[in-house]
Amino acid sequence: MSKVWLITGANSGFGRAFTEAAVGAGDVVVAAARRINTLDDLVAAHPDQVEAVTLDVTDLPAIDAVVADVVKRHGRIDVLINNAGRTHVGSVEENGDAELRSLFDLHFFGPAALTRAVLPHMRARRSGAIVQLSSVGGQMSMAGFGAYSATKFALEGLSEALRAEVKPLGIDVLIVEPGAFRTSLFGNHSLSAGSIEDYEETVGATRAYVETGGGTQAGDPAKAAAAVLAALDTDETPLRL
Ligand code: NDP
């Protein structure tokens with residue numbers, strides 16, 4: 001039976017690659033994005049398999065409404081991919097409270113709310129998978145990546161516990177930790193002003209890395225999406241990929 005996927009940030013980068021891979025597998029994707037017109041081409045190409053819904057993952061009441069609507073119309077959600085995100089470079093001293101909270105809203109509170117919203121439905125069917133887009137920055141940090149990494153560390157902490165809680169219920173949790181991949185992420189970032197000269201030697205190196213698009217070895221998101229689909233299809237889905 002084909003699966004029903006809910007993918008956030010589905011219009012770009014990894015989100016689009018996951019959507020295309022799931023469609024290729026014959027599945028149905030509810031592709032969530034802030035600007036659904038950017039999904040028009042995918043919907044037009046696969047009208048029976050791709051459905052675009054508006055969702056800003058920092059809008060917590062909207063999350064419950066979208067999940068309820070998907071379950072009402074499709075009867076289930078087999079796979080949730082918490083993918084939406086953005087990068088950010090700035091020293092710890094430069095990163096104000098508002099910036100930290102905004103990154104946590106996007107990378108932690110949004111995914112946590114989506115996870116809570118889908119779990120009752122997955123628990124009732126005793127099946128499902130939740131995929132969390134973390135980063136290598138969810139395992140290690142470096143100068144200039146403190147705020148970004150903090151949010152991904154938090155997501156990983158939550159997700160490890162979640163995996164232990166829901167595995168006995170037949171639900172998989174997969175944490176994906178990409179290195180540098182060719183998406184819009186590196187052009188779609190917020191860079192700090194970089195006005196504090198004392199930090200240029202350290203934070204400046206990270207900023208330069210981001211500005212050059214993550215280096216010349218950046219990978220193909222389609223290959224990462226294929227690896228995620230394969231991992232979800234194994235009998236023993238790994239905790240991390
Ligand atoms: P992209 O910039 O290509 O895609 C990011 C997506 O997230 C876009 O669709 C964007 O929408 C969406 N988004 C941003 N903010 C919100 C929001 N508030 N609500 C809903 N959607 C939102 O980057 P990637 O595909 O690379 O990023 C996807 C994930 O992969 C992120 O979580 C990122 O941290 C992670 N990652 C990426 C790496 C890389 O090298 N590319 C490395 C490690 C991790 P919009 O188009 O409207 O801005």
If we keep only residues of region 211-226 that are surrounded by 14 or more Cβ atoms within 10 Å (Cβ to Cβ) and at pLDDT 90 or above, then the residue nearest to Leu80 (Cα to Cα) is Ala225
Hey, any hits in region 80-93 for a residue that's within 17 Å of the chain's Cα centre (by Cα), surrounded by fewer than 23 Cβ atoms within 10 Å (Cβ to Cβ) and in contact (Cβ under 8 Å) with a residue 12 or more places away in the chain? yes
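Filter region 179-210 down to residues that are of a type in the set (S, T, N, Q) and at pLDDT 85 or above and give me whichever is farthest from Gly96 (Cα to Cα).
Filtering region 179-210 for residues of a type in the set (S, T, N, Q) gives 183-184, 188, 190, 192, 195, 202, 206.
Pick out the ones that are also at pLDDT 85 or above and you get 183-184, 202, 206.
Numbers: Thr183: 27, Ser184: 25, Thr202: 19, Thr206: 18 Å.
Only one residue tops the list, namely Thr183.
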Which count do you get for residues in region 134-153 that are more than 13 Å from the ligand (Cβ to nearest atom) and surrounded by 19 or more Cβ atoms within 10 Å (Cβ to Cβ)? 2
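Residue-wise test of (1) more than 16 Å from the ligand (Cβ to nearest atom); (2) buried (at least 21 other Cβ atoms within 10 Å of the Cβ); (3) of a type in the set (Asp, Glu); (4) part of a helix (DSSP H, G or I).
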site	(1), (2), (3), (4)
Leu100	no, no, no, yes
Pro111	no, yes, no, yes
Ala117	no, yes, no, yes
Pro120	yes, no, no, yes
Ala124	yes, no, no, yes
Gln132	no, yes, no, no
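With Val57, Val66 as the choices, which residue is over 30 Å from Glu211 (Cα atoms) and not hydroxyl-bearing (Ser, Thr, Tyr)? Don't jump to the end; show me each part of the working.
Working: Val57 fails: over 30 Å from Glu211 (Cα atoms).
Only one candidate qualifies: Val66.
The values are calculated or read from the model by the stated rules, or taken from the named source; none is laboratory data. Quick caveat: nothing in here was measured; it's all calculated off a predicted structure. Ideal geometry is used to build each Cβ from the backbone, glycine not excepted, and the neighbour counts take in all protein chains shown.
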